[in-house]
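Trainee: Once you've had a glance at the structure underneath, I'll fire off some questions.
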Amino acid sequence: MLVIGLTGGIASGKSTVSSLLSSRHDIPIIDADYLARAVILPGTRGYKAILSHFGADKVLKPDGITLDRQAISEIVFNNEHERKVLNGIVHPAVRRAMVWEVVKCWLGGHWACVLDVPLLIEAGLWKWVGEVVVVYVNEPLQLARLKARPSPNPNEGPLSTTQALSRIKAQMPLSDKLAYADHVLDNSGTEVDLQIQLDSLVAKWRKKSAGLQQKLYWLLPPLGIWAACMTVAFRWLKFKRKSGGKRRGRE
C-alpha cells in the first residue's frame, strides 16, 4: 500500500487537495489535526496526562469535562517548557494513532492512503512515507488568499496584512518544503487547474500500485514490511544526497 504524505502551508490549498483525494479519488485520508483532537478527548490517556500536569481548574471548561483548548493555548503560547510538555503528550499519541490508521487502511485492502499533516516536514514524518506531496503557492498569493478568508468569529473582520504575515512567518516557508517533495502541486491557478494536476498524479500512483509486486506485498506482510523499510532507507539517502549537493553548490 502506498502511503502518501500531504503537506503545505496556511492558505496554500492543502485542505482542498485532501478533499479532492477523498471525494474524487476515494483515497482514505488520515487527518493529523483530527487525530490531535481525538487523542485528548475525555477518558483518553492524553486527556488524563494534561489534567495531571496542568490542573483541572486551569484547563477544563465550566462543564468540568471538556478541555478548554483556548486556555491551554494561552498557557503554552509564551512558555517554552509547558509547550514542550504539551507536545510530549500529544505528538506521540498522534503518531501512534496514525500508525494504527495506516494499518487499518492496509487491512481494509486500500491501495493507498494519505497522511494529511501540516507539520509533515517539521516533525520529520516525511521520512516514513512513500511519497511526499507539497501544495505550493508563492507568498504574495498566499498572503492575499489568507487576507480574503472570512473570520471564524462573526464579531471580527478579515485579518490585517500584519496579522496574516505573522501567521505565515510562524510556519516553515513553503519554498523550503519543496526540497522534500516528490511531487509539487502548484495551486496558483483555479481549482480546475489543481484537479487536472491531481488527476494526473493519482493516475501515476494507480499505475505504480497495480502490478503483481504490490499484490505480493499485501499477501505477504513480511515482504511488504521489507519493501517499506527499503523505501524509508532510499528516501533518507535521496535527501542526504540532495542536501549535500546544495551545500557543495553554495561553497
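The values are calculated or read from the model by the stated rules, or taken from the named source; none is laboratory data. In this text the structure is predicted, and so the values were computed from the model without any measurement. Cβ coordinates were reconstructed from backbone atoms using ideal geometry, including for glycine residues, and neighbour counts include every protein chain displayed. Side chains are part of the model used for accessible areas, which takes the heavy atoms of the whole protein and leaves out ligands, DNA and RNA. Shrake-Rupley method; radii C 1.70, N 1.55, O 1.52, S 1.80 Å.
Trainee: For the stretch 15-148, what number of Lys pairs, 8 or more residues apart or on separate chains, have alpha-carbon atoms under 23 Å from each other?
Mentor: Qualifying lysine pairs in the stretch 15-148: 7.
Trainee: Under 5 Å between amide H atoms, partner at least 5 residues away or on a different chain: which partners does Gly5 have, H built in plane at 1.01 Å?
Mentor: Leu115, Gly130, Glu131, Val132, Val133
Trainee: Express the Stokes-Einstein translational diffusion coefficient of the stretch 42-89 in µm² s⁻¹, to the nearest whole number, given a Kirkwood radius over alpha-carbon pairs, 10 °C and a viscosity of 1.306 mPa s.
Mentor: Calculated translational D: 148 µm²/s.
Trainee: Here is a follow-up. For Gln163 and Arg206, compute 0.36 nm times the residue count separating them, minus their Cα-Cα distance, and round to one decimal in nm. Working shown, then result.
Mentor: On the way: separation 43, 0.36 × 43 = 15.48 nm, distance 4.13 nm.
Roughly 11.3 nm would be gained on extension.
Trainee: Okay, next question. Let me check something: with ligands and nucleic acids excluded, how do Lys207, Lys58 order by accessible area (1.4 Å probe), largest to smallest?
Mentor: From most exposed to least exposed: Lys207, Lys58.
Trainee: What whole-number distance in Å separates the alpha-carbon centres of the stretch 156-178 and the stretch 67-99?
Mentor: One Cα centre to the other: 21 Å.
Trainee: In addition: Quick one: if you take sqrt(5λ) for each eigenvalue of the C-alpha gyration tensor of the stretch 87-146, what semi-axes come out, biggest first, whole angstrom?
Mentor: Semi-axis lengths for the stretch 87-146 are 26, 17, 10 Å.
Trainee: On the accessible surface of the stretch 1-132, probed at 1.4 Å, how many percent belong to carbon and sulfur atoms?
Mentor: 56 percent
Trainee: Describe numerically, in nm with one decimal, the distance between label points set 7 Å from Cα along Cα→Cβ at Glu156 and at Leu141.
Mentor: Going from the Glu156 label point to the Leu141 one covers 2.7 nm.
Trainee: Over the Cα atoms of the stretch 115-161, what is the Rg over Rh ratio if Rh follows Kirkwood?
Mentor: Value, to two decimals: 1.14.
Trainee: With r as the distance between the Cβ atoms of Ser19 and Ala123 and R0 = 25 Å, compute the FRET efficiency 1/(1 + (r/R0)^6) and round to 0.05.
Mentor: Working from the Cβ atoms, E equals 0.65.
Trainee: So what's the convex hull volume per residue for the Cα atoms of the stretch 1-44, in Å³?
Mentor: Each residue corresponds to 103 Å³ of Cα convex hull volume.
Trainee: What does the highest-first list of 68-80, 132-144 look like by mean Cβ count within 10 Å?
Mentor: Peptide ranking by packing, descending: 132-144, 68-80.
Trainee: For labels at Arg149 and Glu80 in the simple 7 Å Cα→Cβ model, what's the distance in nm?
Mentor: 2.7 nm
Trainee: If every alpha-carbon in the stretch 1-160 counts as one equal scatterer, what log10 I(q)/I(0) does Debye give at q = 0.21 1/Å?
Mentor: For the stretch 1-160 at q = 0.21 Å⁻¹, log10 I(q)/I(0) is -1.30.
Trainee: Keeping all protein chains in the complex and leaving out DNA, RNA and ligands, what accessible area do you get for Thr162 with a 1.4 Å probe, in Å² to the nearest 10?
Mentor: 110 Å²
Trainee: How large are Rg and Dmax for the stretch 1-84 when calculated on the C-alpha trace, in angstrom?
Mentor: In order Rg, Dmax, the Cα atoms of the stretch 1-84 give 16.7, 46 Å.
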